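One structure is given here, and the rest of the page talks about it.
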Amino acid sequence: MRIIISLIIFCSAANAYPQSPQKIEQELLITFKRLQHWSLHPDASSMIGRMDSVREANTAFRNSLLAWTASVRTTFTCEFKDLEKEGLVIKTAEDGLFRIYSWNTGMGGAEPDYDAVFQYRVDNEVFSQLAEHNQQDAGKWYSNVYTLKTDNKTYYLGVYNQSHSSTSFSQGVKGFCIDDKDLDEWVRLFKTGDGPVNEMGFNYNFLTVAHRPERPAKLIYYDTDDDRLHLTVVQDDGKVTREIVTWQFTGKYFEQVKNR
C-alpha cells in the first residue's frame, strides 16, 4: 500500500506558523545528525539497543522530512546545503516539478539500507510521498533525475544505486509520472523481452570502475536531445565493459535499438 504523508496536525501547524527554509533545514539537521550519531556510534551498550536507536532516529527524520516537504512550498527550491554535507542526497528534475531526497538509514550493516522521499509540485501545491520497498529490498539512493516530456505527459527517469558489499554494487533506472495530484512510481516505461517494466538495471563489480573519477560510476545516462537512454553493458561476472546498449523512446516505451 502506498505511503503518502498525512500528518495533518503537523502540516496545519506548519501553515499556521510559517518557517523559513533556513529554520526548517536546521530542524531537519538536528534529527539527521542524531541518525548519523547512532549509525556510527561504537559505544552503544548492545547491538540491539543501538539498532533500536538508529531505527527511532531514522523514523523521526523521515517523518519530519515528509511533513515539511508536504506542507511548505519553499522547501521545493531550498538547496539544503548543510543537510547535503551530512549525507542527504537531493536531486531535482530539470523542470522543477519533481525532487528526490535519499539517504542511508544506518540499518543495513554490511549491505547499506536506503530510504527516499519523493516531492512533487502540481500548480501551487506541493506533495510528498515515501518510496515503497519491501522487507527484502535494501532500498535505493538516487544520483540523477532526468525529465522526459511527451505530448500529454511528463515522465521522470531516476538513476538509482545500491550497495550489497564493498565490491558488489547495482545501478538502474526507474520511471515516474505525476498523474493529476498523484505520483505513480510504478509506471512501466521500458519494453523488454518480458514485457513493459518499471525499472531496469544491473549488478557490477566496483573494482572494475574504481579508476574512474566520478562517484557513483556513471554507467547509465539519458540524452535529452534525442530521447535516448544509454546503459553500459556488464558481463555476468560483474565486469564493466566499454559497450553501450541504447534504448529509444518511441512514444509510449523505451525500446532497445537493434544493432545493424
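None of the figures in this text is laboratory data; all of them are computed from the coordinates on show. As the structure is a computational prediction, the values presented were derived from the model and not from experiment. All Cβ positions, glycine included, derive from the backbone under ideal geometry; neighbour counts span all protein chains shown.
Pick out the one residue from E243, E255 that is of a type in the set (D, E, K, R), out of contact with any Pro (no Cβ under 8 Å at 6 or more places or on another chain) and either part of a loop (DSSP other than H, G, I, E, B) or without any contact (Cβ under 8 Å) to a residue 60 or more places away in the chain (or both).
E243
Run down A116, A110 and say which single residue is surrounded by fewer than 20 Cβ atoms within 10 Å (Cβ to Cβ), closer than 23 Å to A217 by Cα and out of contact with any Cys (no Cβ under 7 Å at 6 or more places or on another chain).
A110
Among the residues of the stretch 124-158, how many are farther than 15 Å from A70 by Cβ and not in a strand (DSSP E or B)? Can you show your working first?
Initially, the stretch 124-158 is screened for residues farther than 15 Å from A70 by Cβ, giving 132-158.
Going one step further and asking which of them are not in a strand (DSSP E or B), we end up with 132-140, 150-153.
So the count comes out to 13.
Among (1) surrounded by fewer than 11 Cβ atoms within 10 Å (Cβ to Cβ); (2) closer than 22 Å to Q162 by Cα, where does K218 come up short?
Failed condition: (1).
Give the residue, chosen from W186, W247, that is exposed (fewer than 15 other Cβ atoms within 10 Å of the Cβ), under 16 Å from G158 (Cβ atoms) and in contact with a strand residue (DSSP E or B) (Cβ under 9 Å, 6 or more places away or on another chain).
Numbers: W247 fails: exposed (fewer than 15 other Cβ atoms within 10 Å of the Cβ).
None of the other options fit; the residue is W186.
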